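Trainee: Here you go, one structure.
Laboratory data are not the source of any read-out in this text; all were calculated from the coordinates shown. From a predicted model like this one, the values you see are computed outputs, not experimental measurements. Counting neighbours? That spans all protein chains shown, and the Cβs are built from the backbone with ideal geometry, glycine included.
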Amino acid sequence: MSLVLKQTVLSGIAGALTWPLAVLKLGQLIDTPWAVGLERAKRAGKLLADILVAQAHGKRPASLVGYSLGALTIFTCMQELYKRSAFGIVETVVLLGLPVNSESKSAWTACCNCASRRVIVGYSTNDWVLAFLFRTHAFCSRLAGMTGVNAEAMFKDQPLVRRKLSCLDLSETVAQHSDYLDRLDDIMLEITQLI
């Protein structure tokens, strides 16, 4: 009799766990390509820094625009340029839906110091895809692609960095992550008002 009871209790528990386990399994299937994408974006950022330092684009300053993993590539490139003291190569940086911690003062300082003119962070509080994808890869309270960067608070002691860094809330324009690409013309019109 107790064997039947145990099977009944365990089958109830197993049934209750089936749905949450399926969601976790789906998350794991998505996490692996996302983790690969994050690493490749960082490697691409270092390669982009090599290309910019070599001045393959000529001697004029470059403006870089990217969204999602492309924005991460640019952000990593700016960190790499800072490490190499390669200033003046990049004029303006536009980072849309950026999957990095918005509270890393040293990373944002490096990015702003390498851009000779502006760093613009476009974000959307509606970007649940970015929140879902990034949830397991970093333990940060604020994600730049969802909250922007609080330059006023973070850079009280660095007025030059504070002036270079602007955030643009695109929540009315960007309802989902793919809207950065689909609505890029509208977004760039909003950004030109900041430059």
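Trainee: Can you give the charge dipole size of the stretch 151-195 about its Cα centre, rounded to the nearest 20 debye, using +1 on the beta carbon of Lys and Arg and -1 on the beta carbon of Asp and Glu?
Mentor: 400 debye
Trainee: If the cut-off is a Cα-Cα distance under 14 Å, which aspartates and glutamates reach K164, setting aside same-chain residues fewer than 8 apart in sequence?
Mentor: E91, E152
Trainee: Another question, if that's okay. Where both residues lie in the stretch 40-192, what percent of DSSP beta bridges are antiparallel, nearest 5?
Mentor: 5 percent
Trainee: Of the peptides 56-65, 182-191, 69-78, how do they stack up when ordered by the mean number of other Cβ atoms within 10 Å, highest first?
Mentor: Final packing ranking: 69-78, 182-191, 56-65.
Trainee: If neighbour count is taken as other Cβ atoms inside 10 Å, put E80, E91 in order from fewest to most.
Mentor: Ranked by crowding around the Cβ, least crowded first: E91, E80.
Trainee: Next question, about the same structure. Please list, or write none, the aspartates and glutamates whose alpha carbon is within less than 15 Å of the alpha carbon of K156, excluding same-chain residues fewer than 8 places away.
Mentor: Output for K156: E103.
Trainee: For the stretch 188-195, take each phi angle, set θ = phi - 60°, evaluate the Karplus expression 6.51 cos²θ - 1.76 cosθ + 1.60, and give the result in whole Hz per residue in order, putting x for glycine and proline.
Mentor: Once rounded to whole Hz, the list reads 5, 5, 5, 5, 4, 6, 8, 7.
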